[in-house]
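None of the figures in this text is laboratory data; all of them are computed from the coordinates on show. Computed from a predicted model, the values in this text were never measured in an experiment. Cβ sites come from the backbone with ideal geometry, for glycine too, and all protein chains shown count toward neighbours.
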């Protein structure tokens, strides 16, 4: 797999993982159980896809082989933030495509 494909696919993986954990009915009971046990931290985290997507990105960023900076910490940090933020962009795009948009037209009477 080319490096460009890895840069493009990893944010999609991150978005998929996030959607499964935050939104899917598959793990609804597990998610609710965790949210009841630790409502302050995990409860809020599991309600917010943007917030949750940070955590899978921590792991996925290790799979980007490209070296951007000589400093390994900075290099990893940039990759981590890239995977996280691009998955948020993909989330917005997918949401716009999958949810119907309702447009309200208001009739104006000219009297």
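Structure data summary
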quantity	calculated
Crossing angle, helix 28-37 versus the chain [Cα axis fit, 0-90 degrees, rounded to tens]	80
Separation in nanometres of the label points that stand 7 Å from Cα toward Cβ, at residue 35 and residue 13	2.8
Identified option (computed mean projected area of the Cα convex hull in nm²; candidates (1) 12.0; (2) 9.8; (3) 7.8)	(1)
Rounded to 10°, Cα long-axis angle of helix 3-22 versus longest principal axis of the chain	60
Most mobile listed residue (80, 55, 38) in the chain, GNM with C-alpha springs under 10 Å	38
